[in-house]
Amino acid sequence: VYYKEAKGAVYFGLQNNDDNEWYFCFSDYNLDILKSDLLQLFPKDYLCHTALFILKEYDKNNNSELYSTLKAYFQCLLNVSHASNSLFIHRTSFIYRLNKIIELTKINLEDSNECMHLAFSFWILENE
């Protein structure tokens, strides 16, 4: 077990850090290792929430920014004011977009499991 941890930490440490680091802690890279292992077992289409694929397709067809709106909302820890500020849009416009997202995808942002799945999905799709 410790060998696998060390091997994973070195692999991701060398990928993610500058060359000045000479040691890598497993705890710094355990999420990267988890992501890599999961993606080897399952395609991202199976792991990610379908709402994100719906939003990406809608954005492509309608020249909108609903995917980035929901992503900002999660990056700002579900805070409407902070998310709207980060996108440089009015709070009311942000709420309109959020309601449109809910209408399109039928997601429930008050369900903690669904929110965790969405946050996990954004993380999986990161660097795509």
Flagged in the range 18-30 as part of a helix (DSSP H, G or I) and either polar (S, T, N, Q) or in contact (Cβ under 8 Å) with a residue 40 or more places away in the chain (or both), in numbering order, are Ser27, Asn30
Out of Val1, Val10, which single residue is of a type in the set (Val, Ile, Thr) and surrounded by 12 or more Cβ atoms within 10 Å (Cβ to Cβ)? Val10
Consider Glu110 carefully, then state whether it is closer than 18 Å to His49 by Cβ, modelled with pLDDT of 95 or more, of a type outside the set (Ser, Thr, Tyr) and part of a loop (DSSP other than H, G, I, E, B). yes
Restricting attention to the range 88-99, which residues are open to solvent by 50 Å² or more (accessible area, probe 1.4 Å) and either part of a helix (DSSP H, G or I) or at negative phi (or both)? His90, Arg91, Thr92, Ser93, Ile95, Tyr96, Arg97, Asn99
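Please verify whether Leu66 is under 16 Å from Trp123 (Cβ atoms) and modelled with pLDDT of 85 or more, treating the condition exactly as stated. Give the steps one after another, and end with the answer.
Numbers: under 16 Å from Trp123 (Cβ atoms): no; modelled with pLDDT of 85 or more: yes.
For Leu66, the condition - under 16 Å from Trp123 (Cβ atoms) and modelled with pLDDT of 85 or more - is not met.
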Between a residue in the range 101-128 that is more than 17 Å from Ser68 (Cβ to Cβ) and without any contact (Cβ under 8 Å) to a residue 60 or more places away in the chain and any residue that is open to solvent by 20 Å² or more (accessible area, probe 1.4 Å) and in a helix (DSSP H, G or I), which pairs come within a Cβ distance under 7 Å, given they are 6 or more apart or on different chains? Asn108/Glu114
Specify the residue that is nearest to the chain's Cα centre (by Cα); the eligible residues are those in the range 39-53 that are in contact (Cβ under 8 Å) with a residue 60 or more places away in the chain and over 9 Å from Ser121 (Cα atoms). Ala51
Could you tell me which numbered condition Gln15 fails, if it satisfies all but one of (1) in a helix (DSSP H, G or I); (2) of a type in the set (S, T, N, Q); (3) modelled with pLDDT of 85 or more? (3)
Could you list all residues from the range 37-70 that are open to solvent by 60 Å² or more (accessible area, probe 1.4 Å), out of contact with any Asp or Glu (no Cβ under 8 Å at 6 or more places or on another chain) and not in a helix (DSSP H, G or I)? Phe42, Pro43, Asn63
Going through Asn85, Asn113 one at a time, which residue ends up being open to solvent by 30 Å² or more (accessible area, probe 1.4 Å) and either more than 17 Å from the chain's Cα centre (by Cα) or of a type in the set (Lys, Arg) (or both)? Asn85
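The values are calculated or read from the model by the stated rules, or taken from the named source; none is laboratory data. Since this is a predicted model, take the numbers as computed values, not measurements. In this analysis, Cβ positions are derived from the backbone assuming ideal geometry, glycine residues included, and neighbour counts consider all displayed protein chains. Heavy atoms of the whole protein, side chains included, go into the accessibility calculation; ligands, DNA and RNA do not. Shrake-Rupley method; radii C 1.70, N 1.55, O 1.52, S 1.80 Å.
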